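Here the structure comes first, spelled out in C-alpha cells, and everything after it is commentary.
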4 protein chains.
Amino acid sequence: MSIEEMHAAVRDFCEKRGWDQYHTPKELAIGMTNESSELLQEFRFKNREGQLELLADPEAREDIEDELADVLLFVLRFADMYDVELDEALASKLEKNRARYPENDYKEPTKTEDE
Amino acid sequence: MSIEEMHAAVRDFCEKRGWDQYHTPKELAIGMTNESSELLQEFRFKNREGQLELLADPEAREDIEDELADVLLFVLRFADMYDVELDEALASKLEKNRARYPENDYKEPTKTEDE
Amino acid sequence: MSIEEMHAAVRDFCEKRGWDQYHTPKELAIGMTNESSELLQEFRFKNREGQLELLADPEAREDIEDELADVLLFVLRFADMYDVELDEALASKLEKNRARYPENDYKEPTKTEDE
Amino acid sequence: MSIEEMHAAVRDFCEKRGWDQYHTPKELAIGMTNESSELLQEFRFKNREGQLELLADPEAREDIEDELADVLLFVLRFADMYDVELDEALASKLEKNRARYPENDYKEPTKTEDE
C-alpha cells in the first residue's frame, strides 16, 4: 500500500465505526503513547541479544509488528483528521535535525552506547 | 515522498551519524514513547475546542507537526532496521481490529465521548 | 504503612526474587512509563463524568488502584536503589514549582479546562 | 515528611492555584505518563555504567530527582483527589504480585539481564 492507501484504509475502518467523534487530537496522542508503551514493554529487561531473539521468534514478532502497526495507525489517523502532510512534516523535521546534529558529531545525541 | 522515500530519508540521516549501533529495538520504542508523550503534552488540560485552537495557531501547529514527525521517524526507523513491512503490518492489524470491533458495535471501544 | 514501611515492603519483594540486577535506572523508568500508560488507558475516551463513573465501579476502581500502586512501586524502588529521599525531592520540586507558577496566575499551566 | 505531610504539601500547592478543576483522573494519569517519559529520556542510549555516571553527576542527579518527584507528585495528587489509600493499594498489589511471581521463579519477569 502507498501512504495514501494506508490513510484510506485507516479512515475507512474508523468511519465505519463512527469513531470520528472520539478522535480528538488529545485522544489520538493518548493512543500513540499507549501503543508505543506496549511496544516498549515487549523489550523490558532484554539486552540487545534478547531483543533480537524476540524479533526472530515468529509469535513474538507478530505481537511486536501489531504494536508497531498500532502506533502507525494513530499517526496516520492524526495526520488524516488534522490535515498534516506526513512527508512534508518528516522532511521539515529532518531538516531541523540536520542543523541540530551535525554529521560529524558522533557523540550526539548519545554519550555511551546502549550495550 | 513515498513511504520508500521516507524510509530512505530517515536511513540516510541516521547512517550519516553512525546511529545504527544505538538503535536497538528497545531504544527505538523508547523514542516513540518519548515523542508520543511530548505530542500528548501539547494538549494537556485542553478540551476539544482548546485542542483545535492549538492546531489553528501556526506556531503551535509547527510544534505539533514536529512531534508527530518524530513519532513517525522512529516507526520508520524501527521498520527499516528490523525488517517490518509497514503496509503489511498495518493491513494485518486492521484485519484483527475488524474482528475485534464489529462495524455495528458503535459503543466499542468507547463508553462515553471524550468531551 | 509509613513511607519507610512501603520502601521496605517493595525492597523485600524484589530482593526475594533477585530482581536487583534487572532494576537499572532505565528499566525502572520504563516500568513507571508502562504503568502510567496503563492507568491512562483506563480513562481513554471518557469525559469527566465517565471517569468518575469508573472510579465508582468497584471492579474498575480495583484495576485503577492496582495501576496507581504499580507506578508508586517503581517510584519507591527507584528511590530506594538510587538513594533519593522522596520527601526532600518532592519539597525541592514544589519549591521550584512555586517560583514557576505564582499563586495568583490561575491561567498557568492551563489555558482552557479539561471538559 | 510523612506520606500524610507529602499529601498535604501537594494539596496545598494545587489548591492555592485553583487546579482542582483541571485535575481529572485522566489529566493526572497524563501527567504521570509525561513525567515518567521525561525521566526515561534521561537514560536514553545509556548502558548501566552510563546510567550510574548520570546519577553520580550532581546536576544530572538534580534533574533526575526533579522528574521522579514530578511522577510522585501526580501519584499523590491522584490518590488524594480520588480517595485511594496508597499504602493499602500498594499492599494489595504486592500481594497479587506474590502470587504472580513465586519467590523461586527467578526467570520471571526477566529472561536476560538489562544492559
I'd like to check something: does the stretch D:95-112 contain any residue that is modelled with pLDDT of 95 or more, touching a Gly at 6+ places or on another chain (Cβ under 9 Å) and assigned to a helix (DSSP H, G or I)? no
Please find, within the stretch A:1-38, the residue that is surrounded by the fewest Cβ atoms within 10 Å (Cβ to Cβ) out of those that are more than 10 Å from chain C (Cβ to nearest Cβ), touching a Ser or Thr at 6+ places or on another chain (Cβ under 8 Å) and in a helix (DSSP H, G or I). A:I3
Scan the stretch B:45-67 and give yes if some residue there is touching a Lys or Arg at 6+ places or on another chain (Cβ under 6 Å), part of a helix (DSSP H, G or I) and within 26 Å of B:E4 (Cβ to Cβ), otherwise no. yes
The listed residue being surrounded by fewer than 18 Cβ atoms within 10 Å (Cβ to Cβ), among the aliphatic types (A, V, I, L, M) and without any contact (Cβ under 8 Å) to a residue 24 or more places away in the chain, out of D:A99, D:A89: D:A99
Could you check, for the stretch A:14-22, whether at least one of its residues is within 30 Å of C:W19 (Cβ to Cβ) and modelled with pLDDT of 95 or more? no
Confirm whether D:R11 is touching a residue at least 60 places away in the same chain (Cβ under 8 Å) and of a type in the set (K, R). yes
On the basis of being within 18 Å of the chain's Cα centre (by Cα) and without any contact (Cβ under 8 Å) to a residue 12 or more places away in the chain, does B:K16 make the cut? no
Pick from the stretch D:56-86, criterion without any contact (Cβ under 8 Å) to a residue 40 or more places away in the chain and over 20 Å from C:E27 (Cα atoms), ranking: nearest to the other protein chains (Cβ to nearest Cβ): D:V84
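The values are calculated or read from the model by the stated rules, or taken from the named source; none is laboratory data. Fair warning: this is a prediction, and the values are worked out from it, not measured in the lab. Every residue, glycine as well, gets a Cβ built from its backbone with ideal geometry; the counts of neighbours run over all protein chains shown.
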